[in-house]
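Please treat every number below as a calculation from the coordinates, not as lab data. Quick caveat, the model's predicted, so the values are computed rather than measured. Every residue, glycine among them, receives a Cβ derived from its backbone with ideal geometry; neighbour counts consider all protein chains shown.
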Amino acid sequence: MAGGSGSRFWPLSRKALPKQFLNLTGKEVMVNETIDRLFPVIRREDIFVVTSAAHTELTFQMTKGRLARDHILGEPAARNTAACIGYAAMELIKKYGDGIMGIFASDHYIQKEEAFRSVLEEGITLAEREDKLVTIGIKPSFPATGYGYIRRRSPESLMVEEFVEKPDQESAERYLASGSYLWNSGMFIWKASVILKQFEKLLPDIYESLLAIGESMGTAHERETIERVYPSIPKISIDYGIMERAKDVLVLEGDFGWSDVGSLDALGTLYPPDKNGNIVHGESVCLDAKGCIAYGEGRLLAMVGTQDLIVAATDDIVLVCDKNRAQDVKKVVEKLETDGKTRYL
């Protein structure tokens, strides 16, 4: 899934070049790191990317031969993750008859790739055998309040009892202590036919739209149908629409150094801190600065006597933000949109 705008990662993530196309680790752009870590479990010729129709050509260029052009599926409108996943499932049904789908966000970071692939293989075997929805939960390493949680029936169980929204600090500490809760990673494994049956049962209006799109696939009317039908699909996430309502969802525990790199304060997962807890990318001078994040491209950042600040600089924007309010950066994007200052988006 590569259709997001990465608004909480502004100003580094922009409409013309959203987060999944940024090289944050210094190794590769994020979408390519996501594709590459799937080998050899998933064959290169079986990998698809769903992205904005406006970014299909950019995706083809940025992935540098990793994908066949017809494996880049362009959404004419952003309709959240349920539509994205349903569209991909219908494409796989039409191309393969059926098959196991693995759903991955294009902008996550995974430190221990071999451990990730081991869990992925286990999930594929489980989805083949059980005909159920399988998700990967992350073993929590601290009482995070920025992630949703998955509650298992017991610490050893594969059965999901419920999905839980982002908690307050007290609840997060209780979840961690219980051993029955995992972070919700948003990674899923299932048969294409199984998830489409769930759409038919739980999201019948979206399912009808997917059927119309599926019937047009491979015909001269495919693109016209997608552009006509897709924007009318209700906006809903796969979590709200299906996962929280489906019965007998299974979860596998993963412990492989995962981060969704959702906002600028998550840069600490990519870069080691200095002796004062500062995370620095690019040229900088930090004097009596503690617990800060400085990310600059092509310019010097100087921080004096600061604590727990984020400073992110691009050619045309400088963001200064309290580290504890990193999630609110998306509100700046919303304000710029409201004020018509689209050149900064």
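Ranked highest first by average number of other Cβ atoms within 10 Å, how do 159-168, 10-19 line up?
10-19, 159-168
Here region 219-298 is treated as an ellipsoid with the same Cα gyration tensor; its semi-axes, largest first and in whole Å, are 42, 22, 11. Compared with the dominant principal axis of the Cα atoms in the chain, helix 80-96 is inclined by about 40°.
Each of ILE310, ILE189, ILE47, ILE317 was scored by other Cβ atoms within 10 Å of its Cβ. Listed from fewest to most, they are ILE317, ILE47, ILE310, ILE189. In this simple spin-label approximation, GLU215 and GLU337 carry label points 7 Å from Cα along the Cα→Cβ vector, and these lie 3.3 nm apart. Mean-square fluctuations from a GNM of the chain, with a 10 angstrom spring cutoff on Cα atoms, peak among GLY123, GLY65, GLY305 at GLY305.
What area, in nm² and to one decimal, does the C-alpha convex hull of region 264-344 cast on average over all directions? Mean projected area of the Cα convex hull: 5.4 nm².
Peptides 219-230, 83-94, 254-265, 108-119 ranked from most to least packed give 83-94, 254-265, 108-119, 219-230, packing being the mean of other C-beta atoms within 10 angstrom over each peptide's residues. For the chain, the 222 nm mean residue ellipticity estimated from helices alone, with every DSSP H stretch of n ≥ 4 adding -39500 (n - 2.57) and the total spread over all residues, rounds to -9000 deg cm²/dmol. Here the chain carries DSSP beta bridges of which approximately 50% are antiparallel, counting only pairs with both residues inside. At q = 0.11, 0.12, 0.13 Å⁻¹, what log₁₀ I(q)/I(0) does the chain have when each alpha carbon counts as one equal point scatterer in the Debye sum? So the normalised log intensities work out to -0.78, -0.93, -1.09. Rounded to the nearest Å, what's the spacing between the alpha carbon centres of region 1-64 and region 134-150? Just the number, please. The distance from the Cα centre of region 1-64 to that of region 134-150 comes to 23 Å.
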